[in-house]
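Right, one structure below, let's go through it.
The values are calculated or read from the model by the stated rules, or taken from the named source; none is laboratory data. None of these values were measured; they are calculated from a predicted model. Note that each Cβ is placed from the backbone with ideal geometry, even for glycine, and that neighbours are counted across all protein chains shown. The protein model used for the area step is the full one, side chains on, heavy atoms only, and it has no ligands, DNA or RNA in it. Shrake-Rupley method; radii C 1.70, N 1.55, O 1.52, S 1.80 Å.
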Amino acid sequence: MPTVHFVDTDGHHVTAVAASGASVMQTALDASISGIVGECGGYGACGTCHVFVDDEWAAKVEDPDDGEQIMLDLTHVPRRAQSRLACQIAVTPELDGLVVHLPESQR
Ligand code: FES
């Protein structure tokens, strides 16, 4: 099972194992990662699962689609180059070991 590493703003990190077919957001919720809210349940409609993909993983993660691009401009957390909605990233075997950085707050 692939793992995802969540790094908070203090540099602490937690490694979580993703269930088959899970998104990064669901993986965070399953592991009780603080900093990911997931208010809309993964429909890309709330922006409370904003993360920053680590630079070393950026090329391996697909670009956001048009709907996600719009939501990323509307989230509480200011958008950065590697911003993604965690609910829109499926944890595939190719993303085993993915590193994402958490914002200070989602609200
Ligand atoms: Fe709502 Fe990701 S959980 S946008």
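Among the residues of the range 38-56, write down those that are open to solvent by less than 40 Å² (accessible area, probe 1.4 Å), farther than 9 Å from residue 85 by Cβ and more than 6 Å from the ligand (Cβ to nearest atom).
Matches in the range 38-56: 52, 53, 54.
Taking the range 47-62, which residues are of a type outside the set (Ser, Thr, Tyr) and within 13 Å of the chain's Cα centre (by Cα)?
The answer is 47, 49, 50, 51, 52, 53, 54, 57, 58, 61, 62.
Taking the conditions exactly as written (open to solvent by less than 70 Å² (accessible area, probe 1.4 Å), of a type outside the set (Asp, Glu), at pLDDT 95 or above and within 15 Å of the ligand (Cβ to nearest atom)), does residue 35 satisfy them or not?
Judged against the criteria, residue 35 is not a match.
Out of the range 17-26, which residues are open to solvent by less than 10 Å² (accessible area, probe 1.4 Å) and either within 12 Å of the ligand (Cβ to nearest atom) or without any contact (Cβ under 8 Å) to a residue 12 or more places away in the chain (or both)?
Scanning the range 17-26 gives 24, 25.
Collect the residues in the range 59-91 that are open to solvent by 30 Å² or more (accessible area, probe 1.4 Å), of a type in the set (A, V, I, L, M) and more than 16 Å from residue 23 (Cβ to Cβ), keeping them in residue-number order.
Selection gives 59, 70, 74, 81.
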